[in-house]
Structures are given as structure tokens and as C-alpha cells.
Amino acid sequence: MKLGIGRRGLRLAAPIAIGIVFLAAWEATVRLRGIPPYILPAPTAIAQSLWTDGPSLLGSLWVTLRITLAALAAAALFGGGIALLFARSRLLELSLFPYAVVLQVTPIVAIAPLVIIWVREPFLALLVCAWIVAFFPIVSNTTVGLNSADRNLLALFRLYGASPGQILLYLRMPTALPYFLAGLRISGGLALIGAVVAEFVAGTGGAETGLAFRILEAGYRLAIPRMFAALLLLSLTGIVIYLLLDWLSRQLLRHWHESAIAPEDE
Amino acid sequence: MTMSEPVVVLRGVTKRFASGLEALGGVDLAVARGEFLSLLGPSGCGKSTLLRIVAGLAEPTTGICDLRLAGAPSKSIAAGRIGFVFQDPTLMPWSTVARNVELPFRIAGRVRAAERDRVAASLSAVGLAGFEQAYPHQLSGGMRMRVSIARALVTEPDLLLLDEPFAALDEITRLALNDDLLLLWEAHRPTILFVTHSVFESVYLSTRIAVMRPRPGRIVADLPVRLPQPRDRGVRTSAAYAAMCETVSTALAAAMAQAPAP
């Protein structure tokens with residue numbers, strides 16, 4: 001690089017520079033044109049709101065985060081489990097997979113009110129909604145992964161008299177791991193989206209209010225800076241979830257999968 | 001070589017795939033114990049299909065494939081009595097070299113000290129001692145193929161099946177592995193069925209060569225290789241080697257002339 005910083009430095013510096021330029025332009029536009037904060041708050045106003053409302057927003061974030069993480073864990077567990085069932089029985093896969101697709105393509109906003117009526121416990125209702133959105137990428141990816149075992153390795157396992165269980169444990173599951181983890185990374189973001197959508201539909205629900213409801217509430221009260229602050233927290237949460245899952249994936253695959261082998265290693 | 005009792009007997013073996021393709025059109029073959037037999041032919045002549053039938057990985061459409069392995073009932077997939085090496089190393093990328101070689105034992109449900117010793121011995125026999133904890137992606141193509149051979153040898157099989165194992169390797173690696181394979185064969189004397197499309201390789205390695213023609217696959221020439229044993233690189237420059245290569249090339253050309261154009 002002629003700029004004197006390495007490629008890695010540029011990867012960090014370039015987006016940060018763009019972000020600073022964007023925020024400065026935003027701040028300048030709001031100030032120079034005198035745009036009122038209930039139309040578009042300046043970044044400084046949002047930062048101030050984040051400071052004053054921070055503690056209560058963080059409490060709400062915890063509520064949303066709990067639902068998200070529980071839904072993601074359930075998606076990983078049941079998604080992986082369903083994919084394993086599909087791998088054991090082709091008939092089961094053919095019979096049930098279309099319904100998983102139906103569940104996936106039906107907008108969660110449309111199903112959420114029903115789920116909230118049927119499941120009386122608010123936390124559980126929100127969890128179910130977030131799970132419905134999050135489980136499909138894991139089921140679909142893991143199913144593909146379990147069916148992707150190398151044909152010659154399969155022949156070799158048969159030659160040595162391996163049982164179906166051994167083939168699953170020693171061959172299909174390791175083959176499927178990168179696929180499962182790719183699904184998990186997608187599901188992390190989707191679980192958060194599912195939790196937020198469900199909260200929007202459910203409203204306050206119980207004694208605790210999540211971040212999504214705080215956004216709605218701030219909108220009603222024209223407390224637009226607080227709305228932006230809550231939105232910012234949601235985005236940051238999504239990014240952190242993605243980075244954590246990405247890190248987990250790299251740790252688990254670092255010894256062997258192309259996606260995670262460090263270039264120096266080659 | 002004296003014709004002792006056969007280990008593999010094929011009688012009238014044909015194979016027709018669901019697509020209608022006739023891969024094998026009546027193959028008769030007997031392989032004696034301790035023989036190094038090469039199946040030589042152009043691609044599409046059914047060599048690999050024949051090998052898969054012998055391994056029990058495919059069923060012949062008609063005909064009989066009879067295996068007589070020591071300590072194993074005839075015509076069953078005799079776990080551990082057959083070693084198979086594919087054209088690709090076919091290793092599990094998520095497992096270390098040692099774990100890959102140990103696979104036959106892990107499937108058999110016994111990995112104790114004795115088995116670990118055999119894994120180590122097998123790896124050192126192919127020149128990979130010290131690489132036990134490496135992962136396949138850290139090795140070169142030739143080293144991966146050595147791991148694959150070590151895995152096939154670890155159960156000390158009676159019958160070793162190799163399906164163009166060196167076709168994807170560079171010439172230097174290939175020659176080195178040819179010599180290593182000969183040493184391993186001389187040390188343990190398993191019966192070897194070796195699929196190749198290289199005349200020079202088949203003459204250098206084998207005690208006998210079966211030349212095949214394609215569409216449908218058939219054995220058209222059965223040639224004993226009478227070169228001194230044990231063989232070393234000096235053989236490659238001898239007049240007898242050149243003459244045998246000439247004979248085999250002629251047989252292969254004749255086989256191709258009989259076959260319909262590709």
C-alpha cells in the first residue's frame with residue numbers, strides 16, 4: 001500500500017473513515033438546515049440520549065437478548081436434531097421438509113399474533129416466534145452437509161464394515177459441521193430479527209419490555225433520538241452476535257476447513 | 001511364480017449400469033496368492049468398476065466374483081482383509097494423519113496400544129514417521145497418498161486394491177511411490193490388483209498384466225512379466241524392460257483397434 005498502512009490496517013481504517021465522514025455530513029446537514037430532532041436527530045443528540053437513557057435501554061436490551069439467545073440455542077438444538085432425523089430417514093425428510101419451507105416463507109409478522117394467542121406465557125411466545133425464523137437455515141444447511149459426505153470415503157467405510165451410526169458419527173457429522181456453522185451464523189441475525197418482530201406484535205406483553213417495544217414507545221412519544229439510540233443498540237447487538245459466531249466457527253474449523261485455515265499455515 | 005490357489009476368481013462377470021451403459025462384457029480372471037496383477041487399459045474400459053466389484057462395493061449384473069481370503073468367509077465384505085486405495089487420497093480432512101490411518105480399527109471398535117503401534121509402524125513403512133499429528137492439508141499430494149496407502153496396509157490385508165493411485169501425482173513423486181509400493185509388496189506379499197493406464201508403470205511393478213479394451217470392458221491379453229525380482233530402478237533401463245513395454249504397448253494398441261472409436 002502506498003499509504004504506508006498495510007492491507008489489514010486499510011480494512012479497518014477505510015470503513016471507519018467513511019463512517020466519520022458520513023456522521024460529520026449528517027451533523028452538519030441537521031445543524032445548517034435547522035432540521036428539528038423529531039424529524040431527524042443529529043448524531044450528537046443520539047449520543048446524548050444514549051448516555052441519559054443508556055441504563056434503562058440496556059435493561060430492555062437484556063430482555064431482547066435473552067429471547068434471541070434462547071431462540072438461537074433452540075434453533076441450533078432442534079435444527080441440528082431435525083437435520084439428523086432427515087439424514088437417518090429419507091422418507092421423513094421428503095415428508096417434512098416442505099413444511100419447514102412453508103414455515104420459513106410465511107412472514108413471521110403474520111404468524112406472531114396467533115403464536116401470542118396460543119402460547120400464554122409471554123417469554124415463551126416470543127421465543128417461539130424467534131425460533132421459527134431462526135431454525136430454517138440450520139435445518140437446511142445441516143441437511144445438505146449431512147448428505148455431502150465424500151463418495152469414496154463412504155465406500156471405504158462400507159468396505160471396513162461400518163454401521164450406519166458409525167458413518168453418521170465419524171463421517172457425515174464432521175462433513176456437516178461447516179454447513180451447520182454457516183447456518184448458525186445466518187440464524188444468529190435472524191433470531192434477533194425474529195425477537196424484535198415478535199416484540200413489535202406482542203407489545204409490552206409482560207412486566208418487562210424489550211428493546212423493540214422501547215422503539216415503538218419512543219416513536220409514539222416523538223422521542224426520536226431515543227428511538228435512534230435503541231436502534232443503534234440493536235444493530236450493535238446483531239454485529240456482536242455475528243462476530244461471536246464467526247469466531248466460534250473459526251475456532252472449531254481452524255485445523256482443517258478451507259474457510260478457517262490461516263494463510264500462513266499453508 | 002508358481003500358480004498357487006487363487007485369491008480372486010471372476011467368472012463371466014458383466015456389469016450394466018442403470019443408464020444402459022455396458023461397463024463390463026464378460027470378464028474371466030483368476031488372481032493367485034501373492035501376485036501383483038495390473039489391469040491396464042484406456043479410460044472407460046471398466047477397470048475401476050471391476051475393482052469395485054472385487055471389493056464388494058458393486059454387484060456384478062451377471063457372473064460370479066469369488067474371494068478366498070485367509071480367515072474370512074468367502075464372498076462377504078471381509079472387514080480388514082481388503083485394503084483399497086483410490087485415485088484421490090480420500091482422507092478425512094478433519095482428522096490427523098494418525099486418526100486417518102487408525103480408521104479401520106476405530107470402525108472395528110478396538111483402538112488399544114497394539115493398534116496404535118500398528119498405526120505407527122504402517123506410517124513409518126511409508127516414510128511418514130513423525131507426521132502422526134499433522135492434518136492432511138499440511139501435507140503434499142504425494143504425502144497424502146502415502147497416508148492413504150498406510151491406511152490400506154494397517155490391517156495387513158490379504159488383498160490390496162489400488163485404483164490408479166498415482167495418476168494425479170507428478171512424475172518424480174510417482175517414481176518414488178512406485179519403488180515404495182514394490183518394497184511394501186515384497187515385505188508382506190499381499191495379493192495386489194493395480195489399476196493403471198500407464199504401460200511403463202504396469203511393467204515395472206507387476207508380475208502379470210491383464211490388458212483391457214473398452215465398450216464393453218473385456219480382458220483381451222494376459223501377459224506374465226518375467227523381469228528379475230526384487231526390482232529396482234536399474235530395471236527401468238534394461239533391454240528386457242524395454243522389450244516388455246513394447247510387447248504390452250502392442251497388445252494395448254491391438255485392444256484399442258478392436259474397440260469402437262470413442
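The values are calculated or read from the model by the stated rules, or taken from the named source; none is laboratory data. This one's a predicted model, so the numbers in the text were calculated from it and none came from an experiment. Virtual Cβ from ideal backbone geometry, glycine too; neighbours counted across all protein chains shown. We work out accessible area using only protein heavy atoms, side chains counted, and drop any ligands, DNA or RNA first. Shrake-Rupley method; radii C 1.70, N 1.55, O 1.52, S 1.80 Å.
Applying the criterion of at least 3 residues that are in the same structural domain as A:Gly238 (by TED's automatic domain parsing) and in contact with a Ser or Thr (Cβ under 8 Å, 6 or more places away or on another chain) to the helices (runs of 4 or more DSSP H) found wholly in region A:82-153 leaves A:90-105, A:122-146.
Conditions (1) touching a strand residue (DSSP E or B) at 6+ places or on another chain (Cβ under 7 Å); (2) more than 22 Å from A:Tyr160 (Cα to Cα); (3) assigned by TED's automatic domain parsing to the domain that holds B:Leu128; (4) modelled with pLDDT of 85 or more, marked per residue:
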{"site": "B:Ser198", "(1), (2), (3), (4)": "no, yes, no, yes"}
{"site": "B:Glu201", "(1), (2), (3), (4)": "no, yes, no, yes"}
{"site": "B:Ser206", "(1), (2), (3), (4)": "yes, yes, no, yes"}
{"site": "B:Arg213", "(1), (2), (3), (4)": "yes, yes, no, yes"}
{"site": "B:Gln229", "(1), (2), (3), (4)": "no, yes, no, no"}
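Table: residues versus (1) in a loop (DSSP other than H, G, I, E, B); (2) open to solvent by less than 20 Å² (accessible area, probe 1.4 Å); (3) out of contact with any Pro (no Cβ under 9 Å at 6 or more places or on another chain); (4) away from every other protein chain (no Cβ under 14 Å).
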position: A:Phe157; (1), (2), (3), (4): no, yes, yes, no
position: A:Leu171; (1), (2), (3), (4): no, yes, yes, no
position: A:Leu177; (1), (2), (3), (4): no, no, yes, no
position: A:Gly189; (1), (2), (3), (4): no, no, yes, yes
position: A:Phe213; (1), (2), (3), (4): no, no, yes, yes
position: A:Ala218; (1), (2), (3), (4): no, yes, no, yes
position: A:Pro225; (1), (2), (3), (4): no, no, no, yes
position: A:Leu252; (1), (2), (3), (4): no, no, no, no
position: A:His257; (1), (2), (3), (4): yes, no, no, no
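Within region B:70-94, the set of residues being modelled with pLDDT of 65 or more and either open to solvent by 70 Å² or more (accessible area, probe 1.4 Å) or facing another protein chain (nearest Cβ under 7 Å) (or both) comprises B:Gly80, B:Ile82, B:Phe84, B:Phe86, B:Gln87, B:Asp88, B:Thr90, B:Met92, B:Pro93, B:Trp94.
For residues in region B:38-66 being within 14 Å of chain A (Cβ to nearest Cβ) and in contact with a helix residue (DSSP H, G or I) (Cβ under 8 Å, 6 or more places away or on another chain), which is most open to solvent (accessible area, probe 1.4 Å)? Even if it seems obvious, please write down each step before you answer.
Keep residues of region B:38-66 that are within 14 Å of chain A (Cβ to nearest Cβ), which gives B:48-49, B:51-59.
Filter again for in contact with a helix residue (DSSP H, G or I) (Cβ under 8 Å, 6 or more places away or on another chain), leaving B:52, B:55-59.
Numbers: B:Arg52: 69, B:Ala55: 2, B:Gly56: 19, B:Leu57: 15, B:Ala58: 20, B:Glu59: 113 Å².
It comes out as B:Glu59.
Between A:Pro41, A:Pro36, the distinction of being surrounded by 15 or more Cβ atoms within 10 Å (Cβ to Cβ), not in a helix (DSSP H, G or I) and not small (Gly, Ala, Ser) belongs to A:Pro41 only.
Tallying residues that are farther than 26 Å from A:Gly161 by Cα and more than 22 Å from the chain's Cα centre (by Cα) within region B:108-132 yields 3.
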